[in-house]
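The values are calculated or read from the model by the stated rules, or taken from the named source; none is laboratory data. Because the structure is predicted, anything quoted here is derived from the model rather than measured. Here the Cβ positions follow ideal geometry from the backbone for every residue, glycine too, while neighbour counts run over all protein chains shown. When the accessible area is computed, the model is the full protein with side chains, heavy atoms only, and any ligands, DNA or RNA have been set aside. Shrake-Rupley method; radii C 1.70, N 1.55, O 1.52, S 1.80 Å.
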Amino acid sequence: MARRAPKTTAAALTVAAALLLTACGGGGNDASDDIEGAGKGAGRPSASASGSTSTDVERPDVSVPKDLDLVFDFEKPSDQDSAAALEDATNYIRALNHGITKQDPNDPAFQFYSSGQASRYAHSQIKEYVDGGWTLTGRDRYYDAEISPGDESEKVKTVSVTFCEDQSKVFGKEVKSEKVHRTKESLASYQKFTLLMTSVKDNPVWRAQQVTVEGKAEACRG
């Protein structure tokens, strides 16, 4: 399923188009599908709590409708920081999908689990779906996670989390008509995410600060 996205920056438009095309089961986008950047900001908590094993902080709802199955085939790392960073990286992805299915570009869930460029990225993706009248249905699978501990200062710790996504079984659904647009699997169905996760010491929450998305990721198709 393809549709024209509204005008925006070239980098954001490229990734927005990649996500919209592949998430709707489509393909054929020959442009480069990479985006990366940085920025500063703060997440915002929500009143409802779910989506985490931590009892030390109130977390937002990141649930999605029953017709959207988010599958995370990850092994839990033995290192405590790596495990926590991976868990909240998955919560960031859940929050992004929560915003899409709730049709809310200002959904508090993604704001809680991100800051800076990663927060702007989530907002832009959700807004693309809302403006186009689309939501998601099907099975969205994430796998092959790799974790690299980064710098650590007196106040902040960082961890890089990379993983693949297979969108071949998740499709775009028109919000009004509930019509599902299905197309065949292609190289455009595969993406590779790299998230820079950060945590302020003594705070159990890890937030995505930067996100890079590689579209048509051949390495993820094997």
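Viscosity 1.567 mPa s, temperature 4 °C: give me the Stokes-Einstein translational D for the stretch 113-222 in µm²/s, with Rh taken as the Kirkwood radius over C-alpha pairs. List each step's numbers first, then the result.
Details: Rh = 15.7 Å.
It diffuses with D of about 83 µm²/s by this estimate.
Principal axes first, then extents: for the Cα atoms of the stretch 179-222, list largest minus smallest coordinate on each axis, whole Å, largest first.
For the stretch 179-222, the Cα extents along the three principal axes come out at 46, 30, 15 Å.
When the Kirkwood radius is taken over all Cα pairs of the stretch 46-174, what Stokes-Einstein diffusion coefficient follows at 20 °C and 1.002 mPa s, in µm²/s?
Working: Rh = 15.5 Å.
Calculated translational D: 139 µm²/s.
Go through 162-174, 144-156, 183-195 and give me the packing order, highest mean Cβ count within 10 Å leading.
On the way: 162-174: 21.5, 144-156: 12.7, 183-195: 19.3.
Top of the packing list down: 162-174, 183-195, 144-156.
Below 13 angstrom from the Cβ of PRO204, what's the summed charge of the other residues (Lys, Arg +1; Asp, Glu -1)? Intermediate values should be presented prior to the final figure.
Values: positive: ARG59, LYS157, LYS201, ARG207; negative: ASP56, GLU58, ASP81, GLU87, ASP88, ASP202.
My count for the surroundings of PRO204 gives -2.
Sum up the charges of everything whose Cβ sits under 14 Å from the Cβ of LYS157, counting Lys and Arg as +1 and Asp and Glu as -1, but leave LYS157 out.
Working: positive: LYS155, LYS201, ARG207; negative: ASP79, ASP81, ASP88, ASP151, GLU152, GLU154, ASP202.
Net charge in that neighbourhood comes out at -4.
How many Å³ per residue does the convex hull of the Cα positions in the stretch 131-176 occupy?
Working: hull volume 5.2 nm³, N = 46.
It comes to 114 Å³ per residue, whole-number rounded.
What whole-number value in Å² describes the accessible area per residue of the stretch 101-217 for a 1.4 Å probe? Can you show the working numbers first?
On the way: 5180 Å² over 117 residues.
Heavy-atom accessible area per residue stands at 44 Å².
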